[in-house]
1. With the crude spin-label approximation of a point 7 Å out along Cα→Cβ, what separation in nm comes out for Ser91 versus Asn37?
2. Sequence neighbours fewer than 8 away in the same chain don't count; with that in mind, list the lysines whose C-alpha is under 27 Å from Lys125.
3. Give the order of Phe132, Phe110 when sorted by the count of other beta carbons within 10 angstrom, beginning with the fewest.
4. Please report Glu101, Glu135 as a ranked list, fewest other C-beta atoms within 10 angstrom at the top and most at the bottom.
5. Based on other C-beta atoms within 10 Å, arrange Asp134, Asp30 from fewest to most.
6. At 20 °C and a viscosity of 1.002 mPa s, what translational diffusion coefficient does Stokes-Einstein give for the range 28-156, taking Rh as the Kirkwood radius over Cα pairs? Give it in µm²/s as a whole number.
7. Normalised by the number of residues in the range 107-151, what is the relative contact order in percent for Cα pairs under 8 Å and 6+ residues apart?
Amino acid sequence: MLLFLRNSLLYSFLCPEKSQLTMLGTGGWDIYVSGVNGFVGKDGVTKGGLFDANSGNPWCQQDCSRLHPAEVTKMIKALEAGNKDEAITCSKVKFNIVAIEKDNTLMHAFGPKNIPMVMKITEGKRAIVIGFGDENSNHGSMTAAVERTVAYLNPAGY
């Protein structure tokens, strides 16, 4: 009967008063970071995560455990203000912002050894997607990976 339904679908069926709750998949946030459709490990992104755009707290991250919420909120403020040519810190490593594009929603920065970082805020201004590369990463490919993840989140209002 209903046994084939996953937990979130079963919950929505049994509790229709909660149906306004939007679930993005049933695997958790990790499917958008490191799962089959995740952006980390693809297109030159070596580490990254999804973060709350208000508090800077991680929703899910891979190899970014040292990235402090206060650093994320400073990055968000620089993005929203359009502060190009500003220095920011990520996991206590200095990155220089080189470009802020698309109505202050997309940030490009470079760290030591020209290591790229791409950050984009979702349309609903609730989530931030951050991707870091390495010395061999293509900045354009990384941008495409981060923007693709944001495109998954936008229809759900994040």
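Laboratory data are not the source of any read-out in this text; all were calculated from the coordinates shown. Just so you know, these numbers come straight off a predicted model, no measurement behind them. We place every Cβ from the backbone using ideal geometry, glycine too, and count neighbours over all the protein chains shown.
1. In this crude label model, Ser91 to Asn37 measures out at 2.6 nm.
2. By straight Cα distance, Lys125 reaches Lys18, Lys42, Lys47, Lys74, Lys77, Lys84, Lys92, Lys94, Lys102.
3. Fewest to most other Cβ atoms nearby, the residues stand as Phe110, Phe132.
4. Listing Glu101, Glu135 from fewest to most nearby Cβ atoms yields Glu135, Glu101.
5. Ordered by Cβ neighbours within 10 Å, fewest first: Asp134, Asp30.
6. It diffuses with D of about 153 µm²/s by this estimate.
7. This gives 34 percent for the range 107-151.
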